[in-house]
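**Q** Below are the structure tokens for one structure; questions will follow.
The values are calculated or read from the model by the stated rules, or taken from the named source; none is laboratory data. What you see is a predicted model; the values in this text were computed from it and never measured. Ideal geometry is used to build each Cβ from the backbone, glycine not excepted, and the neighbour counts take in all protein chains shown. The accessibility values were calculated without ligands, DNA or RNA, using every heavy atom of the protein model including side chains. Shrake-Rupley method; radii C 1.70, N 1.55, O 1.52, S 1.80 Å.
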Amino acid sequence: MDHLIDITSLSDEDIRQLLDDAEWFSQQSHIPRLLKRKVIVNLFYEPSTRTRLSFEMAAKRMGAEVINFAAQSSSVVKGESLIDTFLTVQAMQPDAIVIRHSKAGSAALLASQAKSGLAIINAGDGTNEHPSQALLDGLTIKQHFGRFEGLRVVIAGDTRHSRVATSTLKLLSRLGVESIRLCGPQQLLPAAGTFPGVELSEDLDAALHDADVIILLRIQAERINDSSLPAAAQYNQHWGMTIDRLGRLPRQTVIMHPGPMNRGVEIDSEAAESSRSLIQRQVRNGVFIRMAVLRRLLCTDEGNESDWRAADL
Ligand code: CP
């Protein structure tokens, strides 16, 4: 594992180890400073709160230096291309670049140009993938249920344009959940057959009747030019997690959302803050998953892979 680009590129063993390592980090009162002398660049071309901050939090708590690049105050505004920006940053010899960009395939492009010893981490590439979000979703579900087998998962909202939906459904399928249903208005569902074995539905109440997990997603307005989309109030009534729907959820169902939330549209405040909600747990787990990813990619010079947890650094 030289880079983290998408879920498909991870082996089953990679996934198992990343989840186990993140769980281990979550249990530590003292985080070992495994990344001393490492330098990580956050190269974000799109806005972010959770992903950028949690990569920075994870890196700093493990002893790394972090440099944040903001595209809007860089030479990007003078016309410098992604690849020229990347080559410039690479020449300064960081250990990892965390990239978020609106273009699908941008992280893979950088990985194909990266010199040995530079790790590329995909923090979201257009509508393509957001693998560390999927891993933190998987960790959150594992912690709550203790298993993946037999779980019925509904992902509701804009699953057509969501990189979170793609990465998370690929990961949960690999981990053995019983079923995944994508639910939302027809314009926001992927084309039939895009994800074999995944059910599509426009009827949220029918989709929810036996769900264990409901993952709500915002409408990716920045990627859509469709005047036929339902208005916020209509969307909320048909596809939002309202107080009414919250009261009708099966007893075991938990609510998740990768953020940012649009309260009153895909989720009401009462649902976001209810005892069913794992949303704050997701945010917390984001730091531990990113610790596991950074350790895996940057701590390659230890003698024995299994010894690192015992290190007193
Ligand atoms: N879930 C997520 O990617 O959130 P941010 O856009 O705030 O990073």
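**Q** With N denoting the number of residues in the chain, provide Rg(C-alpha) divided by 2.2 N^0.38 Å, to two decimal places.
**A** 1.00
**Q** With +1 assigned to the C-beta of every Lys and Arg and -1 to the C-beta of every Asp and Glu, and no other charges, what is the dipole magnitude of the stretch 199-313 about the Cα centre in debye, to the nearest 20?
**A** Computed charge dipole of the stretch 199-313: roughly 320 debye.
**Q** Report, in listed order, any pair from Lys36/Lys115; Lys78/Lys103; Lys36/Lys103 with a Cα-Cα distance greater than 24 Å.
**A** Among Lys36/Lys115; Lys78/Lys103; Lys36/Lys103, the Cα-Cα distance tops 24 Å for Lys36/Lys103.
**Q** State the dimensionless ratio Rg/Rh of the stretch 91-138 (Rg: radius of gyration of Cα atoms; Rh: Kirkwood radius).
**A** Result for the stretch 91-138 is an Rg/Rh of 1.00.
**Q** Can you give the net charge of the other residues whose Cβ lies under 9 Å from the Cβ of Thr51, counting K and R as +1 and D and E as -1?
**A** Net local charge, Thr51 excluded: +4.
**Q** Which semi-axis lengths, in whole Å and largest first, follow from the square roots of five times the eigenvalues of the Cα gyration tensor of the stretch 131-279?
**A** Square roots of five times the eigenvalues give 21, 18, 14 Å.
**Q** Starting from the stretch 143-225, pick out the GluC sites (Glu not before Pro) whose DSSP state is loop and whose Cβ has at most 10 other Cβ atoms within 10 Å.
**A** Here the GluC sites (Glu not before Pro) that fit, given the DSSP loop and packing criteria, are Glu149.
**Q** With +1 on each Lys and Arg Cβ and -1 on each Asp and Glu Cβ, how big is the dipole of the chain about its Cα centre, in debye rounded to the nearest 20?
**A** Charge dipole, the chain, about its Cα centre: 640 debye, nearest 20.
**Q** First obtain the Kirkwood hydrodynamic radius of the stretch 59-113 from its Cα pairs, then insert it into the Stokes-Einstein equation at 20 °C and 1.002 mPa s, and state the resulting D in µm² per second as a whole number.
**A** For the chosen part, D equals 172 µm²/s.
**Q** Return the inverse of the average 1/r over all pairs of distinct C-alpha atoms in the stretch 1-110, which is the Kirkwood hydrodynamic radius, in Å to one decimal.
**A** One over the average 1/r among Cα pairs gives 15.5 Å for the stretch 1-110.
**Q** So what is the accessible area of the stretch 131-279 per residue, in Å², with the probe set to 1.4 Å?
**A** 40 Å²
**Q** Let me ask something else. Given a 1.4 angstrom probe, I'd like the percentage of the accessible area of the stretch 185-287 that is carbon and sulfur, rounded to a whole number.
**A** About 49 percent, which is the carbon plus sulfur part of the accessible surface.
**Q** Can I ask one more? Given the options Asp21, Asp12, Asp137, which has the most mean-square fluctuation in a GNM of the chain, springs set between C-alpha atoms less than 10 angstrom apart?
**A** Maximum fluctuation in the GNM of the chain, among the listed residues, is at Asp12.
**Q** Accessible area of the stretch 28-67 with a 1.4 Å probe: how many percent of it is carbon plus sulfur?
**A** Using a 1.4 Å probe with all protein chains present, the stretch 28-67 comes out at 50 percent carbon and sulfur.
**Q** Using +1 on the beta carbon of Lys and Arg, -1 on that of Asp and Glu, and nothing else charged, what's the dipole of the stretch 131-279 about the Cα centre, debye to 20?
**A** Around 420 debye, computed over the stretch 131-279.
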